[in-house]
1. Out of all the residues in the stretch 192-202, which are open to solvent by less than 10 Å² (accessible area, probe 1.4 Å), under 15 Å from Gly109 (Cβ atoms) and in contact with a helix residue (DSSP H, G or I) (Cβ under 7 Å, 6 or more places away or on another chain)?
2. Hey, among the residues in the stretch 111-127 that are out of contact with any Gly (no Cβ under 8 Å at 6 or more places or on another chain) and near the ligand (Cβ under 9 Å from one of its atoms), which one's most open to solvent (accessible area, probe 1.4 Å)?
3. Inside the stretch 233-252, can you point out the residues that are closer than 19 Å to Met118 by Cβ and without any contact (Cβ under 8 Å) to a residue 24 or more places away in the chain?
4. Of all residues in the stretch 97-148, how many are charged (D, E, K, R), in contact with a helix residue (DSSP H, G or I) (Cβ under 7 Å, 6 or more places away or on another chain) and part of a helix (DSSP H, G or I)?
5. Taking the stretch 136-154 only, how many residues are open to solvent by less than 40 Å² (accessible area, probe 1.4 Å) and without any contact (Cβ under 8 Å) to a residue 40 or more places away in the chain?
6. Could you please find all residues in the stretch 203-214 being buried (at least 22 other Cβ atoms within 10 Å of the Cβ) and either in contact with a Leu (Cβ under 9 Å, 6 or more places away or on another chain) or among the polar types (S, T, N, Q) (or both)?
7. Just to verify a result, which residue in the stretch 89-110, among those that are of a type in the set (A, V, I, L, M) and surrounded by 13 or more Cβ atoms within 10 Å (Cβ to Cβ), is farthest from the ligand (Cβ to nearest atom)?
8. Please indicate, with yes or no, whether at least one residue in the stretch 128-151 is near the ligand (Cβ under 8 Å from one of its atoms), on the phi > 0 side of the Ramachandran plot and at pLDDT 95 or above.
Amino acid sequence: MDRPHRRRGETPAATNQQLELFPLLESAPAVQESKDSGGVREGTASPVTSEIAAASASFVAADLFSSANREDPLAAQLASCQGLDEISSIARQCRRCRLRAGCKQVVFGEGNPHAELMVVGEAPGATEDELGRPFVGRAGQLLDRMLAATGFTREEVYITNTVKCRPPDNRVPAPDERETCFPYLQAQIAMIRPRMILCLGSPSLQTLVGPEARITRDHGKWFNWRGVPVIATFHPAALLRDPSKKPLAWQDLLELRRKFIEIGGHFHGLRGAEGQKTRSGVTPDTGDAAAEQSQSQTAHVGRRSG
Ligand code: URA
């Protein structure tokens, strides 16, 4: 179980560069006490142990398709797809729910097809619907800064949503719409095989963890979805509406970063053409720079067990 140890009232620290990228601490309140891990979806989610996290690097795509889901002909069709392009072209023809009739286009997702971190938002908004790309409006700009502050470039991660079509008037996607769209998300995860998933906001967390999950209670905790470690933080749109949540989000991102390094994740963004190749073929920055940065952050936020 991962329990960050932090003295009551101690605020997370960040480098100047991080503060510039993601100015979280402007109004930092006392940081909440450490939280227990927990899990809910289908009774299978559980706190992520290091063993599960390490195993996630080697799970096979087929394992990601639950037996229940295999009964959905779409899930079966998607399970046989050879790549994200094939899944995307099926999604673009999709008329399985009411959302497609009310939006301009399907916003499938974008990013590194071999991403080690996958980000799952809620649903496309107006700008995304216009441009056909996820997280390109104001919330997307904040997401880019959150990723950068955590050590990731937008290009090295993969970004998608629980539903691929914009809900009318930007309403929250209904549970049945998320369920209907779920085979696409499942297929994306199976194809990309990320080391970790970051959920943004309640609908995303509930989609992967279960309807009982609550972002206010469960952000920053580790869950797993078929062996893939899952962590959630507040949606960037929520942080724009209520900046007092930013220090909590920053804690969540530090925890993501800590675990990502612990399980051998690679940061590609910080260095150019040196270093070893990864399975994505992108040159990583896993080396001393990331480790040093992490150590200095860990020193700032206090010792953590697990
Ligand atoms: N909010 C989301 O949840 N997803 C997007 O793509 C854009 C805004």
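The values are calculated or read from the model by the stated rules, or taken from the named source; none is laboratory data. Keep in mind it's a predicted model, so treat the numbers as computed, not measured. We place every Cβ from the backbone using ideal geometry, glycine too, and count neighbours over all the protein chains shown. The protein model used for the area step is the full one, side chains on, heavy atoms only, and it has no ligands, DNA or RNA in it. Shrake-Rupley method; radii C 1.70, N 1.55, O 1.52, S 1.80 Å.
1. Ile197, Leu198, Cys199, Leu200
2. Ala123
3. The answer is none; no residue qualifies.
4. The number of residues fulfilling the criteria is 3.
5. Summing the residues that are open to solvent by less than 40 Å² (accessible area, probe 1.4 Å) and without any contact (Cβ under 8 Å) to a residue 40 or more places away in the chain in the stretch 136-154 gives 3.
6. Ser204, Gln206, Thr207, Leu208, Ala213
7. Ile90
8. yes
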